[in-house]
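Asks: Before I ask anything, here is the structure I am working with.
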Amino acid sequence: MSTGASDLVRSIQQSWPAWLPPVIQSGDTVTPTHILAPEVSALLSGRAASLPYFLHNQSVAWMTLAPDTDSILASLTDLRAWIVPSIGWEEEGQGTVVTTASGALGASILSLSPAGYIRWRSRADTETIIEIAGRLARARGLAESVPLHVQAPVPALIELRQQLATSLAANDRVAAEDTLATINRLQLDTAQNASFTRLRVLEHFGDSRLVVELPELDQLLRVRLPQNTRIAIAKAFYRHFVEPKESQGSLTSARDEFVTQVLPKIGSLLDALRPEVGVEVRRLLAYRLATGEGSLSREALSGYIDDPVVAALLSPVQQQPAPVPLSDEDQFFAAWQTLDWAEVQRLGMLLLPTRPDIVPVLARSLDRLPNAPLRDALTGIQTPAKQSTPAINSPQTWAEWLTAIPTGELSHLEQLLSARVTAGMKAVTSAEGREIADKLTDLLVGQTSHLDSGRRTVLLTGLAELAGLCVGVKDFPAAGLIDLYRVIANCWSVWKRGSAFPPDGQILLELADGLLQLSVEEEKWLSDEISRWWETRPTRALLPFMISAVEIFHRLAGTGTAERFWIDVGTFAKSKEAKLTQGERLLWRKVGADIGWDEGTLDEYMPLPSPAEGVVIDPLKAAGLKKIAIVSMREEQAKRAADQLKDRTGATVVLVSDTTSGPETDLAATADVIAYVWSATTHAVFRAFDKVDRKKIAYVRGTGAASIVLAVERWSLERGD
């Protein structure tokens, strides 16, 4: 391997600047004092290694090569622990592990790293390269001290599902897409299940165009689909094809679009849906009924004539001869045949008084789809002779699920999570919230450290789903659920404290934001939890978390706590390990000035480079942006971000705060970059950007002004070439 490896090094080192001399001068001899000598020596001996290729835009494309899949995965884990995202970043849109490459250089790379290689970026300044080389050396030294029989673990599917649940709860599309890519790359799930998960993510973020254009959609429509997947597909087709015509005021055009684009593709899928699942499905069913097709009766839609579209489609002029509706029994057995457990249970409850023979079917359905009212209805019902009712062992409510965490059957615990995802999760009521809060408190004060890794991961996955049910609804924060918010935030902080995975911190911040909106008296304990999160692992990777915390507490609780957080980070910034970028220092100085720190304090904790240190270019200013759009319904934070972006770039900044498409979104679509705040926008607004190049969209983690500015800066750095 050494000949090919040395040739590759010689080729790559030709891109290095004058201050970084070649590491191989002649033959295969490695200069032992070179900062990259450990990496090159490892590559020559057939081990994993990272090498930099300097580009012409003040950035570096790093490549991490390894001889096999296990080594690639181990290297990926090391990079994320030591370098990414603190002083390097993964390339968006390229995938974490690249398995194709062009040209002679690409062929050489893949010949040495046949399982693919990791491509990542960093800045090109001397200080950053030296720091990265040092970290790589320290990571290598630590890895070499581990006994040879220890192998880098491949993440379990349940762990990645936990990451996905957390990403969705935090509305972090970047993290969700990265988790999906990892599941697919490692082939940890079946292709069909991976497609279902992909649809779940696209539905969560309202990306209807990608759903209807999904390459494997035709194949999926030929198999049995979970209820939530059917609903997601139907909503996507309505939003992409029919809704734009309705918004133009033309019901005739909308109906024509339904007949030509929707009916041929998903007409049979609609027969398995009910009007109560949402306005999109309700209207599609009305269009289908108006064409004289489908099994739904006119009476099933008669309760929704307050919807003007449904009312118009059910009028005598629009109505075609109605099909003969199926009986409840026929619908029940049809649903059972297709394993549509939600419909089996709905119809089963109607049939129970006259059909006790279906009790065993309904009891078995509870293992696939938890339903506490059905479980209670089945209790005590006598089944016909020679029939036995299966025992119902799986938990049917969140409170029962939490009670079962320490000792319950692990498969039953996982089943409830899977069932709730595939069939849809209902909002938590105040009564349910109090019961869940009590059970979570029991787990928090009990000994959770004895839980094995599988149970702990399942618990955290469920907690992420619960957090998503809280912060992801329109009426968040609700005063009746304050106890639940408080306990989830407390548990999340204790069990995830110090995590640098961005969605983990974002969930705590979202809950803190809601709690402070309800009561400023929550400030003390929440600020303590934020401080503990930071103190557990004070790194650059947590700077976005902390700057969001400063903004939230300043906005909702005054300056005291915000000032303390700022000083904590400022103290870290003065250390040699910090190495904040120019953009980060400018952002922290702006936030510090907003909360009241004077110029002297800013210079003490967040000094800008002195003239003697040379000119440091602001990456935002260097990006040459002429027009920036910010899409967020939180106007105060968006306006502050707009002011900062104007100051640092000189660009025109367009704000979009509407809930639907219109002149604002049309203007924003022409921007160089669109900062899109997922947690503070609507699906209808996102659909206005369907025809926009997705590479122009900078997805914002969080909702504050600093989060928006950081997203645009990161977008600029990643597209420097």
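The values are calculated or read from the model by the stated rules, or taken from the named source; none is laboratory data. Here the structure is a predicted model, which means the values were calculated and not measured. Ideal geometry is used to build each Cβ from the backbone, glycine not excepted, and the neighbour counts take in all protein chains shown.
Asks: Could you go through the range 568-591 and let me know if any residue there is over 24 Å from Leu509 (Cβ atoms) and modelled with pLDDT of 90 or more.
Replies: No, there is no match, as no residue in the range 568-591 is over 24 Å from Leu509 (Cβ atoms) and modelled with pLDDT of 90 or more.
Asks: Out of all the residues in the range 681-716, which are within 17 Å of the chain's Cα centre (by Cα) and surrounded by fewer than 21 Cβ atoms within 10 Å (Cβ to Cβ)?
Replies: Listed by number, the residues that qualify are Thr682, His683, Arg694, Ile697.
Asks: For Pro85, which of the numbered conditions (1) out of contact with any helix residue (DSSP H, G or I) (no Cβ under 8 Å at 6 or more places or on another chain); (2) part of a loop (DSSP other than H, G, I, E, B); (3) farther than 18 Å from Ile130 by Cβ; (4) in contact (Cβ under 8 Å) with a residue 40 or more places away in the chain fails to hold?
Replies: (1)
Asks: Only one of these conditions is not met by Ile617: (1) within 21 Å of Ala124 (Cα to Cα); (2) buried (at least 16 other Cβ atoms within 10 Å of the Cβ). Which number is it?
Replies: Only one criterion is unmet by Ile617, namely (2).
Asks: Return the only residue of Ala489, Ala500 being more than 30 Å from His412 (Cβ to Cβ), within 21 Å of the chain's Cα centre (by Cα) and not hydroxyl-bearing (Ser, Thr, Tyr).
Replies: Values: Ala489 fails: more than 30 Å from His412 (Cβ to Cβ).
Step by step, each of Ala489, Ala500 is checked, and only Ala500 is more than 30 Å from His412 (Cβ to Cβ), within 21 Å of the chain's Cα centre (by Cα) and not hydroxyl-bearing (Ser, Thr, Tyr).
Asks: Shifting gears a bit: For Glu604, are the conditions met, namely being touching a residue at least 12 places away in the same chain (Cβ under 8 Å) and either in contact with a Ser or Thr (Cβ under 6 Å, 6 or more places away or on another chain) or of a type in the set (D, E, K, R) (or both)?
Replies: yes
Asks: If you go through the range 676-700, how many residues are farther than 14 Å from Ser632 by Cβ and not in a loop (DSSP other than H, G, I, E, B)?
Replies: Final tally of qualifying residues: 6.
Asks: Further question on the same structure: Which condition number does Gln517 fail, the rest of (1) part of a helix (DSSP H, G or I); (2) surrounded by fewer than 17 Cβ atoms within 10 Å (Cβ to Cβ); (3) out of contact with any Pro (no Cβ under 8 Å at 6 or more places or on another chain) being met?
Replies: (3)
Asks: Please state which one of Gly650, Gly600, Gly592, Gly624 is farther than 19 Å from Ser716 by Cα and surrounded by fewer than 21 Cβ atoms within 10 Å (Cβ to Cβ).
Replies: So the residue among Gly650, Gly600, Gly592, Gly624 that is farther than 19 Å from Ser716 by Cα and surrounded by fewer than 21 Cβ atoms within 10 Å (Cβ to Cβ) is Gly600.
Asks: Sticking with this structure for a sec: Conditions first: (1) crowded, with 22+ Cβ neighbours inside 10 Å; (2) in contact with a Leu (Cβ under 9 Å, 6 or more places away or on another chain). Arg239 passes all but one, so which condition is the exception?
Replies: Only one criterion is unmet by Arg239, namely (2).
Asks: Can you find a residue that is over 25 Å from Thr681 (Cα atoms) and at pLDDT 90 or above anywhere in the range 446-460?
Replies: There is at least one residue in the range 446-460 that is over 25 Å from Thr681 (Cα atoms) and at pLDDT 90 or above.
Asks: Please determine whether any residue of the range 124-134 is among the hydroxyl-bearing types (Ser, Thr, Tyr) and either crowded, with 21+ Cβ neighbours inside 10 Å or assigned to a loop (DSSP other than H, G, I, E, B) (or both).
Replies: The answer is no, given that none of the residues of the range 124-134 is among the hydroxyl-bearing types (Ser, Thr, Tyr) and either crowded, with 21+ Cβ neighbours inside 10 Å or assigned to a loop (DSSP other than H, G, I, E, B) (or both).
Asks: Next question. Could you look through the range 242-279, keep only residues that are more than 26 Å from the chain's Cα centre (by Cα) and outside any helix (DSSP H, G or I), and pick out the one that is surrounded by the fewest Cβ atoms within 10 Å (Cβ to Cβ)?
Replies: Per the stated criteria, the residue is Gly249.
Asks: A further question on this structure: Would you be able to tell me the number of residues in the range 436-462 that are touching a Cys at 6+ places or on another chain (Cβ under 6 Å) and surrounded by 16 or more Cβ atoms within 10 Å (Cβ to Cβ)?
Replies: Number of matching residues: 1.
Asks: Being in a loop (DSSP other than H, G, I, E, B) and among the aliphatic types (A, V, I, L, M) narrows it down to one residue among Ala512, Ala500, Ala489, Ala464; which is it? Reasoning before the result, please.
Replies: Details: Ala512 fails: in a loop (DSSP other than H, G, I, E, B); Ala489 fails: in a loop (DSSP other than H, G, I, E, B); Ala464 fails: in a loop (DSSP other than H, G, I, E, B).
Of the residues listed, the single one that is in a loop (DSSP other than H, G, I, E, B) and among the aliphatic types (A, V, I, L, M) is Ala500.
Asks: Any residue at all in the range 534-544 that's crowded, with 18+ Cβ neighbours inside 10 Å and touching a His at 6+ places or on another chain (Cβ under 7 Å)?
Replies: Scanning the range 534-544, I find no residue that is crowded, with 18+ Cβ neighbours inside 10 Å and touching a His at 6+ places or on another chain (Cβ under 7 Å), so the answer is no.
Asks: Being surrounded by 15 or more Cβ atoms within 10 Å (Cβ to Cβ) and without any contact (Cβ under 8 Å) to a residue 12 or more places away in the chain is the filter here, so list the residues in the range 1-52 that pass it.
Replies: Across the range 1-52, the qualifying residues are Gln13, Ser41.
Asks: Can you tell me which of Leu509, Leu460, Leu469 is under 19 Å from the mean Cα position of the chain (by Cα) and not assigned by TED's automatic domain parsing to the domain that holds Leu587?
Replies: Leu460
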